[in-house]
Amino acid sequence: MTNLSTHYMGIPLRNPIIIGSSSLVNDLNMLKKLEEAGAAAVVYKSLFEEQIHLESIQMEDEMTEFSDRNAEMGNIFPKLQHAGPQEYLLNLRKAKSQLGIPLIASLNCIYTKTWLEYAKLIEKTGVDGLELNFYAVPRDFDSEAKTIEDQQVALLRAVKKVVSIPVSIKLSPFYTNVLNLISRMDKAGANGFVLFNRLFEPDINIEDMKHSSPFNLSHEGDGRLAIRYAGILFDKVEGSVCSNTGIYGGNDVVKMLLAGADCVQIVSTIYKHKPEYIATMLSDIETWMKAHKFGSVDEFKGLLSRKNTANPYIYKRAQYIEILMSGEEVLKKHLTI
């Protein structure tokens, strides 16, 4: 009988499939469907400090819209304040009480003080782990890469000091040397890494000449970058590696595990195929394992990592170099002419 169990951040998982942070998990009924379909864990939708600030400003504007009409109207209603993270924390507690599988919270803040405050509040809800949603979208020409990375490493250290639950880092690939940053964060105590965050990308409608905000689902094949880094990181860091983006079927999960990932996070495939598809993915993984006579995930995890592959250059641009240095026949093999 095949054993699909694995570990993430020290948390035992019954299989490698985690539901990533998304709007899917806001519905308690959906959470139960995901669990019943076979999901091993769930990452709850991120708490964004920026969103709380925007909601607070909007509420203040709505409450004071007519306050200057006359002297009396400003005193009719009591002063109200935005509840801050309380609604999120309440929903997190509800989700935790409903699930029998691990629940991981996700957090993104602006200020160091808030990172620490919210992390401590989240831990009190009883969640099994915390995912720090780190990203830095360049907004000016003066911020240096080292400054941004130093700030993120310092934030990780600070959060680790105030919580006892395991902490993972969700990163984008847009760092000068993401391997160096992961190594620094690993030494700073990160228990896991989610590779990679899929950032919002604006689009432009050329007919009405306006910006648009398309729904940002991944596509099949988008996981190759995650394969590269899972393969390079295998057995090089203490923290777990969780591959993310472009994982649509059981075969995609197998690829990530062969490269060296401990588990995966999926979202887009659930939007497209519904929660029940998790069972199909797990069945496909088991079928592949039986065909190749593997009894457990640990038996094949990392078999095709950089550490274990026969070709040490496979995780570099060896194929590209081959094309440049070869003749027309090799070009025809790789390109449609």
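For the reader, a short list of remarks on this structure follows.
- Listed here are the strands (runs of 3 or more DSSP E) enclosed by the range 103-210 that have at least 2 residues being in contact with a Cys (Cβ under 7 Å, 6 or more places away or on another chain): 192-195.
- Scanning the range 175-211 for residues being within 24 Å of Gly20 (Cβ to Cβ), free of Cβ contacts under 8 Å to residues at least 24 places away in the same chain and more than 15 Å from the chain's Cα centre (by Cα) gives a total of 3.
- Within the range 237-256, the set of residues being in contact (Cβ under 8 Å) with a residue 60 or more places away in the chain and over 23 Å from Ser22 (Cα atoms) comprises Gly239 only.
- Qualifying positions in the range 239-267 - open to solvent by 10 Å² or more (accessible area, probe 1.4 Å), assigned to a strand (DSSP E or B) and modelled with pLDDT of 95 or more: Ser240
- Residues that are among the charged types (D, E, K, R), modelled with pLDDT of 65 or more and not in a helix (DSSP H, G or I) were ranked within the range 281-337; the one that is least open to solvent (accessible area, probe 1.4 Å) is Lys301.
- Considering the range 161-211, the residues that are at pLDDT 95 or above, loosely packed, with under 14 Cβ neighbours inside 10 Å and of a type in the set (Lys, Arg) include one that is farthest from Ser240 (Cα to Cα), namely Lys161.
- Qualifying residue in the range 212-233 (condition: part of a strand (DSSP E or B), of a type outside the set (D, E, K, R) and either open to solvent by less than 70 Å² (accessible area, probe 1.4 Å) or touching a residue at least 40 places away in the same chain (Cβ under 8 Å) (or both)): yes
The values are calculated or read from the model by the stated rules, or taken from the named source; none is laboratory data. These numbers were taken from a predicted model, which means no experiment stands behind them. A quick note on method: Cβ atoms are made from the backbone with ideal geometry, for glycine too, and the neighbour counts reach across all protein chains shown. Note: areas computed on protein heavy atoms with side chains; ligands, DNA, RNA excluded. Shrake-Rupley method; radii C 1.70, N 1.55, O 1.52, S 1.80 Å.
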